[in-house]
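> Mind looking over this structure? Questions follow.
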Protein chains: 2
Amino acid sequence: MTENTDVIFVGNKPPMSYVLAIITSLSQGNLKEITLKARGQAITTAVDVAEITRNRFIKDLKVTKIAIGTAEMPAREGENKSRMVSTMEITMTKTA
Amino acid sequence: MTENTDVIFVGNKPPMSYVLAIITSLSQGNLKEITLKARGQAITTAVDVAEITRNRFIKDLKVTKIAIGTAEMPAREGENKSRMVSTMEITMTKTA
(Lines give C-alpha, C1' and ligand atoms only; values in the text may rest on other atoms or scores of the structure.)
Protein backbone atom coordinates (compact mmCIF):
# COMPACT_ATOMS: atom_id res chain seq x y z
CA MET A 1 0.00 0.00 0.00
CA THR A 2 2.56 2.56 1.12
CA GLU A 3 4.93 2.03 -1.77
CA ASN A 4 2.10 2.20 -4.28
CA THR A 5 0.89 5.64 -3.26
CA ASP A 6 2.15 9.00 -4.41
CA VAL A 7 1.18 12.37 -2.93
CA ILE A 8 0.96 15.50 -5.07
CA PHE A 9 0.55 18.89 -3.41
CA VAL A 10 -1.65 21.18 -5.48
CA GLY A 11 -0.82 24.89 -5.27
CA ASN A 12 -1.31 27.85 -7.56
CA LYS A 13 0.26 26.57 -10.78
CA PRO A 14 -2.05 25.95 -13.74
CA PRO A 15 -4.04 22.67 -13.43
CA MET A 16 -2.24 21.07 -16.39
CA SER A 17 1.11 21.02 -14.58
CA TYR A 18 -0.41 18.80 -11.88
CA VAL A 19 -2.21 16.67 -14.47
CA LEU A 20 1.18 16.03 -16.11
CA ALA A 21 2.72 15.19 -12.73
CA ILE A 22 -0.01 12.59 -12.16
CA ILE A 23 0.41 11.06 -15.62
CA THR A 24 4.17 10.88 -15.11
CA SER A 25 3.81 9.30 -11.66
CA LEU A 26 1.29 6.70 -12.81
CA SER A 27 3.35 5.68 -15.82
CA GLN A 28 6.22 4.66 -13.55
CA GLY A 29 6.39 1.07 -12.38
CA ASN A 30 3.69 -0.30 -10.16
CA LEU A 31 2.14 2.88 -8.78
CA LYS A 32 -1.64 2.47 -8.62
CA GLU A 33 -2.75 5.29 -6.36
CA ILE A 34 -2.35 9.07 -6.28
CA THR A 35 -3.41 11.46 -3.52
CA LEU A 36 -3.90 15.13 -4.29
CA LYS A 37 -3.59 17.49 -1.30
CA ALA A 38 -4.67 21.10 -1.42
CA ARG A 39 -5.72 23.93 0.83
CA GLY A 40 -7.52 27.25 0.49
CA GLN A 41 -8.19 28.42 -3.06
CA ALA A 42 -6.12 25.54 -4.43
CA ILE A 43 -8.99 23.20 -3.49
CA THR A 44 -10.81 24.23 -6.66
CA THR A 45 -7.65 23.54 -8.68
CA ALA A 46 -7.34 20.08 -7.10
CA VAL A 47 -10.90 19.21 -8.18
CA ASP A 48 -10.17 20.51 -11.69
CA VAL A 49 -6.97 18.44 -11.83
CA ALA A 50 -8.81 15.27 -10.75
CA GLU A 51 -11.60 15.83 -13.28
CA ILE A 52 -9.29 16.68 -16.20
CA THR A 53 -7.07 13.64 -15.52
CA ARG A 54 -10.03 11.29 -15.25
CA ASN A 55 -12.06 12.60 -18.19
CA ARG A 56 -9.35 13.33 -20.72
CA PHE A 57 -6.29 11.26 -19.96
CA ILE A 58 -6.58 8.22 -17.71
CA LYS A 59 -10.10 6.83 -18.13
CA ASP A 60 -9.56 3.90 -15.76
CA LEU A 61 -8.79 6.19 -12.82
CA LYS A 62 -11.46 6.21 -10.12
CA VAL A 63 -11.87 8.68 -7.25
CA THR A 64 -11.77 6.32 -4.27
CA LYS A 65 -11.65 8.77 -1.39
CA ILE A 66 -12.31 12.45 -0.75
CA ALA A 67 -11.71 14.03 2.63
CA ILE A 68 -12.03 17.61 3.84
CA GLY A 69 -10.56 19.17 6.95
CA THR A 70 -9.23 22.28 8.59
CA ALA A 71 -5.62 23.30 9.22
CA GLU A 72 -4.21 26.13 11.26
CA MET A 73 -1.88 28.50 9.44
CA PRO A 74 0.66 30.60 11.34
CA ALA A 75 -0.12 34.32 11.50
CA ARG A 76 1.16 36.41 8.63
CA GLU A 77 3.66 39.14 9.32
CA GLY A 78 1.93 42.09 10.98
CA GLU A 79 -0.98 39.95 12.17
CA ASN A 80 -1.23 38.37 15.58
CA LYS A 81 -3.85 35.71 14.99
CA SER A 82 -3.37 32.39 13.26
CA ARG A 83 -5.88 31.65 10.53
CA MET A 84 -7.88 28.53 9.84
CA VAL A 85 -7.76 27.19 6.31
CA SER A 86 -9.78 24.40 4.70
CA THR A 87 -7.95 21.39 3.31
CA MET A 88 -8.92 18.66 0.89
CA GLU A 89 -7.50 15.29 -0.11
CA ILE A 90 -8.57 13.43 -3.23
CA THR A 91 -7.34 9.86 -3.66
CA MET A 92 -7.55 8.29 -7.10
CA THR A 93 -6.89 4.65 -7.89
CA LYS A 94 -6.12 2.96 -11.18
CA THR A 95 -8.54 0.12 -11.75
CA ALA A 96 -6.89 -1.60 -14.71
CA MET B 1 -35.05 10.20 2.76
CA THR B 2 -36.27 12.74 0.22
CA GLU B 3 -38.26 14.81 2.68
CA ASN B 4 -35.39 14.89 5.14
CA THR B 5 -32.86 16.38 2.74
CA ASP B 6 -32.26 20.01 1.91
CA VAL B 7 -30.04 21.30 -0.90
CA ILE B 8 -28.11 24.55 -0.57
CA PHE B 9 -26.38 26.03 -3.61
CA VAL B 10 -23.13 27.73 -2.66
CA GLY B 11 -22.19 30.74 -4.80
CA ASN B 12 -20.07 33.82 -4.23
CA LYS B 13 -21.60 35.19 -1.03
CA PRO B 14 -19.47 35.13 2.15
CA PRO B 15 -19.29 31.64 3.75
CA MET B 16 -21.21 32.76 6.85
CA SER B 17 -24.43 33.37 4.87
CA TYR B 18 -24.46 29.71 3.84
CA VAL B 19 -23.55 28.59 7.36
CA LEU B 20 -26.59 30.50 8.63
CA ALA B 21 -28.79 28.92 5.93
CA ILE B 22 -27.67 25.47 7.10
CA ILE B 23 -28.30 26.25 10.77
CA THR B 24 -31.76 27.61 9.92
CA SER B 25 -32.62 24.56 7.79
CA LEU B 26 -31.46 22.06 10.37
CA SER B 27 -33.34 23.74 13.19
CA GLN B 28 -36.62 23.20 11.38
CA GLY B 29 -38.61 20.05 12.07
CA ASN B 30 -37.17 16.69 11.22
CA LEU B 31 -34.52 17.66 8.69
CA LYS B 32 -31.42 15.52 9.24
CA GLU B 33 -29.44 15.96 6.06
CA ILE B 34 -28.03 18.89 4.08
CA THR B 35 -26.36 18.78 0.68
CA LEU B 36 -24.12 21.65 -0.41
CA LYS B 37 -23.69 22.04 -4.17
CA ALA B 38 -21.05 24.27 -5.72
CA ARG B 39 -19.11 24.74 -8.91
CA GLY B 40 -15.96 26.50 -10.03
CA GLN B 41 -14.35 28.81 -7.48
CA ALA B 42 -17.32 28.33 -5.12
CA ILE B 43 -16.02 24.81 -4.41
CA THR B 44 -13.52 26.30 -1.94
CA THR B 45 -16.34 28.27 -0.29
CA ALA B 46 -18.43 25.08 0.03
CA VAL B 47 -15.58 23.31 1.85
CA ASP B 48 -15.14 26.35 4.14
CA VAL B 49 -18.90 26.37 4.86
CA ALA B 50 -18.90 22.67 5.73
CA GLU B 51 -15.87 23.02 7.99
CA ILE B 52 -17.12 26.16 9.78
CA THR B 53 -20.55 24.62 10.40
CA ARG B 54 -19.09 21.38 11.71
CA ASN B 55 -16.32 22.85 13.85
CA ARG B 56 -18.01 25.90 15.31
CA PHE B 57 -21.76 25.43 15.28
CA ILE B 58 -23.21 21.95 14.89
CA LYS B 59 -20.72 19.49 16.38
CA ASP B 60 -22.88 16.42 15.73
CA LEU B 61 -22.88 17.02 11.98
CA LYS B 62 -20.88 14.45 9.97
CA VAL B 63 -19.76 14.66 6.36
CA THR B 64 -21.33 11.49 4.95
CA LYS B 65 -20.67 11.92 1.24
CA ILE B 66 -18.46 14.02 -1.02
CA ALA B 67 -18.70 13.79 -4.79
CA ILE B 68 -16.91 15.68 -7.54
CA GLY B 69 -17.90 15.98 -11.18
CA THR B 70 -17.84 18.07 -14.31
CA ALA B 71 -20.61 20.18 -15.82
CA GLU B 72 -20.82 21.90 -19.17
CA MET B 73 -21.52 25.62 -19.08
CA PRO B 74 -23.05 27.37 -22.08
CA ALA B 75 -20.68 29.67 -24.00
CA ARG B 76 -20.44 33.24 -22.74
CA GLU B 77 -21.46 36.05 -25.01
CA GLY B 78 -18.80 36.61 -27.66
CA GLU B 79 -17.41 33.10 -27.25
CA ASN B 80 -18.35 30.13 -29.36
CA LYS B 81 -17.22 27.26 -27.17
CA SER B 82 -18.93 25.89 -24.09
CA ARG B 83 -16.71 25.57 -21.03
CA MET B 84 -16.30 22.69 -18.64
CA VAL B 85 -16.56 23.51 -14.97
CA SER B 86 -15.86 21.30 -11.94
CA THR B 87 -18.67 20.62 -9.49
CA MET B 88 -18.76 19.36 -5.94
CA GLU B 89 -21.44 18.02 -3.60
CA ILE B 90 -20.96 17.69 0.13
CA THR B 91 -23.63 15.85 2.10
CA MET B 92 -23.72 16.30 5.87
CA THR B 93 -25.89 14.33 8.25
CA LYS B 94 -26.91 15.08 11.81
CA THR B 95 -26.03 12.13 14.00
CA ALA B 96 -27.91 13.09 17.15
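The values are calculated or read from the model by the stated rules, or taken from the named source; none is laboratory data. Just so it is clear, the model here is predicted, and its values are computed rather than measured. Cβ sites come from the backbone with ideal geometry, for glycine too, and all protein chains shown count toward neighbours. Quick note on the areas: whole protein, heavy atoms, side chains included, nothing else; ligands and nucleic acids left out. Shrake-Rupley method; radii C 1.70, N 1.55, O 1.52, S 1.80 Å.
> What do you reckon, is residue B:40 of a type in the set (Gly, Ala, Ser) and more than 11 Å from chain A (Cβ to nearest Cβ)?
Values: of a type in the set (Gly, Ala, Ser): yes; more than 11 Å from chain A (Cβ to nearest Cβ): no.
Considered against the rule, which asks whether it is of a type in the set (Gly, Ala, Ser) and more than 11 Å from chain A (Cβ to nearest Cβ), residue B:40 comes out as no.
> Step by step: first the residues of the range B:78-93, then only those that are more than 10 Å from the chain's Cα centre (by Cα) and not β-branched (Val, Ile, Thr), then the one that is nearest to the other protein chains (Cβ to nearest Cβ). Which residue is that?
B:86
> I'm checking my understanding of the structure. Among residues of the range A:46-59 that are out of contact with any Leu (no Cβ under 7 Å at 6 or more places or on another chain) and facing another protein chain (nearest Cβ under 9 Å), which one is surrounded by the most Cβ atoms within 10 Å (Cβ to Cβ)?
Start the filter on the range A:46-59 by keeping residues that are out of contact with any Leu (no Cβ under 7 Å at 6 or more places or on another chain), which leaves A:47-48, A:51-52, A:55-57, A:59.
Next, from what is left, pick out any that are facing another protein chain (nearest Cβ under 9 Å): A:47-48, A:51-52, A:55.
Working: A:47: 31, A:48: 23, A:51: 23, A:52: 18, A:55: 13.
Of everything passing the filter in the range A:46-59, A:47 is surrounded by the most Cβ atoms within 10 Å (Cβ to Cβ).
> Considering every residue within the range A:60-73, establish whether at least one is buried (at least 18 other Cβ atoms within 10 Å of the Cβ) and over 14 Å from residue B:88 (Cα atoms).
Yes, the range A:60-73 contains at least one residue that is buried (at least 18 other Cβ atoms within 10 Å of the Cβ) and over 14 Å from residue B:88 (Cα atoms).
> Taking the criterion of being farther than 19 Å from residue B:90 by Cβ, part of a strand (DSSP E or B) and either free of Cβ contacts under 8 Å to residues at least 60 places away in the same chain or not hydrophobic (A, V, I, L, M, F, W, C) (or both), would at least one residue in the range A:81-91 satisfy it? Break it down into steps so the answer makes sense when it comes.
Step one: of the range A:81-91, the residues farther than 19 Å from residue B:90 by Cβ are A:81-83.
From the residues that got through so far, the ones that are part of a strand (DSSP E or B) too are A:83.
Right, trim to either free of Cβ contacts under 8 Å to residues at least 60 places away in the same chain or not hydrophobic (A, V, I, L, M, F, W, C) (or both) and you get A:83.
Yes, because at least one residue in the range A:81-91 is farther than 19 Å from residue B:90 by Cβ, part of a strand (DSSP E or B) and either free of Cβ contacts under 8 Å to residues at least 60 places away in the same chain or not hydrophobic (A, V, I, L, M, F, W, C) (or both).
> Can you pull out every residue in the range B:60-72 that is within 7 Å of chain A (Cβ to nearest Cβ) and among the aliphatic types (A, V, I, L, M)?
B:63, B:66, B:68
> Can I ask one more? Within the range A:74-84, how many residues turn out to be among the basic types (Lys, Arg) and open to solvent by 90 Å² or more (accessible area, probe 1.4 Å)? Spell out how you get there, then give the answer.
Applying the first criterion (among the basic types (Lys, Arg)) to the range A:74-84 yields A:76, A:81, A:83.
Still in the list and also open to solvent by 90 Å² or more (accessible area, probe 1.4 Å): A:76, A:81.
Qualifying residue count, the range A:74-84: 2.
> Another question, if that's okay. I'd like to know if the range A:24-38 contains one or more residues that are touching a residue at least 24 places away in the same chain (Cβ under 8 Å), under 21 Å from residue B:47 (Cα atoms) and open to solvent by 20 Å² or more (accessible area, probe 1.4 Å).
Looking for residues that are touching a residue at least 24 places away in the same chain (Cβ under 8 Å), under 21 Å from residue B:47 (Cα atoms) and open to solvent by 20 Å² or more (accessible area, probe 1.4 Å), one finds at least one in the range A:24-38, hence yes.
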